[in-house]
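Quick notes on the structure that follows.
The values are calculated or read from the model by the stated rules, or taken from the named source; none is laboratory data. These figures come from a predicted structure and were not determined experimentally. No Cβ is skipped: glycine too gets one built from the backbone with ideal geometry, and neighbour counts run over all protein chains shown. Keep in mind that these areas ignore ligands, DNA and RNA; they rest on the heavy atoms of the full protein, side chains included. Shrake-Rupley method; radii C 1.70, N 1.55, O 1.52, S 1.80 Å.
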Amino acid sequence: MGDVFARRKLLGMVSGGVLAQCCYAVAELGVADLLADGPRPVAELAAKCGADPLTLDRLLDDLTHFGLFRHDDVDGYALTSVGELLRADVPGSLRQAAIMHGAAVARSFAAITHTLRTGRPAFDEVHGQRFYDYVAEHPDIGDTFADAMGAAVGVPPVIAGYETLATAGLVIDVGGGDGGVLADILAAHPHLRGILLELPGAIRGARARLADAGLGDRAELVPGSFFDEVPGGGDVYVLARVLHNWTDEHAMVILRRVRQAMPAGARLVVLERFRSAAGGSVTTAMVDLLMLGLLDGRQRTEAEYVTLLQDAGFAVVGVRPPTGEPSDSLIEAVPR
């Protein structure tokens, strides 16, 4: 029968997609949100979310064995601390991540053999267009993707200790997504102003996030593509988890656009998780797998990022390791 532990581990990996889709269904129907105030009977839950009561009962009962829900015959179903993260209104919510994986990622990875045979993202084959083109045409998916990425990876803690921010005046976040990194920087440094450059379809979430944080008057949102033009006049330019989404050729274009925009004395900060010679952390490997199926990019080693920057006309002046748990490293560079 082979090693029991090995069999269980592989079976867990093989069947992981089933659990992911169940989490997607629960998130999409808003079941966890219905349990925010405490336990409810399954009949009430089913009526509220539009599900078949017997089927929902089976699903939730099965998921109690995986730690998402609790159940008793008197009160019905309740959330565990794990299940709480499927609510939309809790800090660190992973609801959007569950929806993204179920709605977009799972379909792409069903065609992962296409990627292995051709070297091209499975997403392109499944959806008939590149990921960012698809997101531009489906704003709801784009918002879900931005929210999911912001919740899943958070703000890189290493940026908090970057002392150059203390003497800077203007920070420009290039491809800043939902504005999480810029919001964290502006909140920690009240003297700073910020500019966020993002595609028009993705900038809505950043506007709301910065406004909710009371930072709207210190942040300018510029719709546009970093392949075309990057705002000038910044003291610090930030590329946070941008380069890993792209091929070396595309990354080079982005870096050169940033370099063209930088005035004398400005600095570039690149925030990325490095792939080590041994492959890095499990989190790094998972991000690389997502790149494999969805995008043209990949996780790179520190040396590969340094080479990219040098080839784009930068001199690397420092590399800072992650702060705390495995997270992003910080590369500091200046134009040569």
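So, in region 84-102, exactly how many residues are in contact (Cβ under 8 Å) with a residue 24 or more places away in the chain and surrounded by fewer than 19 Cβ atoms within 10 Å (Cβ to Cβ)?
Counting residues in region 84-102 that are in contact (Cβ under 8 Å) with a residue 24 or more places away in the chain and surrounded by fewer than 19 Cβ atoms within 10 Å (Cβ to Cβ) gives 4.
Does region 53-71 include one or more residues that are of a type in the set (Asp, Glu), surrounded by 18 or more Cβ atoms within 10 Å (Cβ to Cβ), more than 30 Å from Gly177 (Cβ to Cβ) and free of Cβ contacts under 8 Å to residues at least 60 places away in the same chain?
Yes, region 53-71 contains at least one residue that is of a type in the set (Asp, Glu), surrounded by 18 or more Cβ atoms within 10 Å (Cβ to Cβ), more than 30 Å from Gly177 (Cβ to Cβ) and free of Cβ contacts under 8 Å to residues at least 60 places away in the same chain.
Going by what's in this entry, would Gly279 be described as modelled with pLDDT of 85 or more and open to solvent by less than 20 Å² (accessible area, probe 1.4 Å)?
no
Does Leu210 fit the bill of being modelled with pLDDT under 95, touching a strand residue (DSSP E or B) at 6+ places or on another chain (Cβ under 6 Å) and buried (at least 20 other Cβ atoms within 10 Å of the Cβ)?
yes
Looking at region 228-251, which of its residues are hydroxyl-bearing (Ser, Thr, Tyr) and open to solvent by less than 20 Å² (accessible area, probe 1.4 Å)?
Correct list: Tyr237 only.
Test Glu137 against the stated conditions and say whether it is modelled with pLDDT of 90 or more, open to solvent by 20 Å² or more (accessible area, probe 1.4 Å) and farther than 16 Å from Leu330 by Cβ.
No.
Can you confirm whether region 179-195 contains a residue that is open to solvent by less than 10 Å² (accessible area, probe 1.4 Å) and either touching a residue at least 60 places away in the same chain (Cβ under 8 Å) or on the phi > 0 side of the Ramachandran plot (or both)?
yes
When you go through (1) within 19 Å of the chain's Cα centre (by Cα); (2) within 24 Å of Leu255 (Cβ to Cβ); (3) not small (Gly, Ala, Ser) one by one for Arg209, which number turns out not to apply?
(2)
Criterion first (assigned to a helix (DSSP H, G or I), under 28 Å from the mean Cα position of the chain (by Cα), of a type outside the set (Val, Ile, Thr) and surrounded by 14 or more Cβ atoms within 10 Å (Cβ to Cβ)) does Ala46 satisfy it?
Considered against the rule, which asks whether it is assigned to a helix (DSSP H, G or I), under 28 Å from the mean Cα position of the chain (by Cα), of a type outside the set (Val, Ile, Thr) and surrounded by 14 or more Cβ atoms within 10 Å (Cβ to Cβ), Ala46 comes out as no.
So which residues in region 21-35 are free of Cβ contacts under 8 Å to residues at least 24 places away in the same chain and not in a helix (DSSP H, G or I)?
Across region 21-35, there are no qualifying residues.
Identify, by number, the condition in (1) touching a residue at least 12 places away in the same chain (Cβ under 8 Å); (2) assigned to a helix (DSSP H, G or I); (3) exposed (fewer than 13 other Cβ atoms within 10 Å of the Cβ) that Val18 doesn't meet.
(1)
Taking the conditions exactly as written (among the charged types (D, E, K, R), assigned to a helix (DSSP H, G or I), open to solvent by 40 Å² or more (accessible area, probe 1.4 Å) and free of Cβ contacts under 8 Å to residues at least 24 places away in the same chain), does Asp217 satisfy them or not?
yes
Look through region 292-320, keep the residues that are over 23 Å from Val230 (Cβ atoms) and among the aliphatic types (A, V, I, L, M), and return whichever of them is surrounded by the most Cβ atoms within 10 Å (Cβ to Cβ).
Here the answer is Leu294.
Take Met13 and decide whether it is modelled with pLDDT under 95, out of contact with any Gly (no Cβ under 9 Å at 6 or more places or on another chain), in a loop (DSSP other than H, G, I, E, B) and aliphatic (A, V, I, L, M).
So Met13 does not fit the description; no.
Evaluate the following for Arg259: is it modelled with pLDDT of 95 or more and surrounded by fewer than 23 Cβ atoms within 10 Å (Cβ to Cβ)?
For Arg259, the condition - modelled with pLDDT of 95 or more and surrounded by fewer than 23 Cβ atoms within 10 Å (Cβ to Cβ) - is met.
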